[in-house]
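See below for the structure under consideration.
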Amino acid sequence: MGREFLHVFTDWASEYDSSIQGHDKEYAEVFRNYPTILKIIADKAGNSVIEFGSGTGNLTKELILKNKQVYPVEPSPEMREIANNKPELQHITFIDGDMEHFPKPNFIIDTIVSTFVFHHLNGDEKQRVIQQYYDLLPPGGKIIFGDTMFLSEASHFKKINTALEENKLNLAKDLQREYYPLIPDIETYFTNAGFTTRFIQMNSYVWIVEAQK
């Protein structure tokens, strides 16, 4: 369920917002167009939203600005604390949970969103939660995820090799350690669960997948 990577965020939480702003040169391309990614996801979301891996609250804030009802779920206490200390989010309750195990909201939701989270789940977990979300959503409901994805194993390996050649060792380790998905696999997972999908490329790492029930 992805919690094996929680220790990464214990160390990274205080620097996360700086990283997404491009100050960490190793990850500058990964987070290129980050504000646009958030805006697109918030624009496409319905009115009542579960957000998984809400982190420091950046997508949460974008959703609230668009008058969405948001139920943010985040397993890292360090991330939740940083989010709740932001003035715009001090009235928001950030829920302790992960993409598979979380307390259900007490209202009907029409959209499930996340950014840079889905890769924490292995293939079996990805398929399991997609089916879980299908059962949770009403007809016409959506899943909208922004994350690093690859068109093929070859393109994934090329990114690892490029990172090593450029001495971006943390990025290379990250690309080898976590469960970054292939787009054909993601499309199959959603189709098998009963969704139709579309993909938008945001930079050389990140795509947005929009899946509708």
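Nothing in this text is a laboratory measurement; each read-out follows from the coordinates by a stated rule. None of these values were measured; they are calculated from a predicted model. Heads up, the Cβs are rebuilt from the backbone with ideal geometry, glycines too, and the neighbour counts pull from every protein chain shown.
Which residue, chosen from I108, S18, F94, occupies the Cα position most advanced towards the positive end of the dipole of the chain, where the dipole is computed from +1 (Lys, Arg) and -1 (Asp, Glu) charges on Cβ about the Cα centre? Farthest along the dipole direction, towards plus: I108. Largest first, the extents of the alpha carbon coordinates of the stretch 65-125 on the three principal axes equal 38, 28, 20 Å.
When Lys and Arg each count +1 and Asp and Glu each count -1, what net charge do the other residues less than 10 Å away from T148, Cβ to Cβ, add up to?
Around T148, the surrounding residues sum to -2.
Each Lys and Arg Cβ is given +1 and each Asp and Glu Cβ -1; about its Cα centre, the stretch 90-213 then shows a dipole of about 180 debye. Based on alpha-carbon atoms, the Kirkwood radius and the radius of gyration of the stretch 96-213 give Rg/Rh equal to 1.00. Taking each of K168/K213; K61/K213; K25/K158; K39/K142; K66/K86; K66/K159 in turn, the alpha-carbon distance tops 28 angstrom for K168/K213; K66/K159. Each Lys and Arg adds +1 at its Cβ and each Asp and Glu adds -1 at its Cβ; summed about the Cα centre, the chain shows a dipole of about 580 debye. Here the stretch 28-106 has an Rg and Dmax of 12.3, 38 Å, counting Cα atoms alone. Placing unit charges on the Cβ atoms of the charged side chains and taking the dipole of the chain about its Cα centre, the candidate lying farthest along the positive direction among A163, G46, H119 is G46. The ranking of D147, D110, D124, D96 from fewest to most other beta carbons within 10 Å of each one's beta carbon is D124, D96, D110, D147.
Tally the DSSP beta bridges in the chain and give the antiparallel ones as a percent, rounded to 5. Close to 45 percent.
Projected onto the charge dipole of the chain (+1 at Lys/Arg Cβ, -1 at Asp/Glu Cβ, origin at the Cα centre), which of Y134, A28, L151 gives the Cα projection farthest towards the positive end? Farthest towards the positive pole: Y134.
The per residue volume of the convex hull around the alpha-carbon atoms of the chain is 107 Å³.
Sites counted here are chymotrypsin sites (Phe, Trp or Tyr not before Pro) in a DSSP loop (not H, G, I, E or B) having no more than 16 other Cβ atoms within 10 Å; the longest part of the chain that contains none of them is 1-106.
Computed per residue of the chain from DSSP H runs no shorter than four, each worth -39500 (n - 2.57), the mean residue ellipticity at 222 nm is -12500 deg cm²/dmol.
Net charge around S204, counting only other residues with Cβ within less than 9 Å of its Cβ (Lys, Arg = +1; Asp, Glu = -1)? That works out to +1. Rounded to the nearest 20, the size of the Cβ-charge dipole of the stretch 88-134 about its Cα centre is 120 debye, with Lys and Arg at +1 and Asp and Glu at -1. A simple count of charges around I64, restricted to other residues whose Cβ falls under 12 Å of its Cβ and scoring Lys, Arg +1 and Asp, Glu -1, yields +1.
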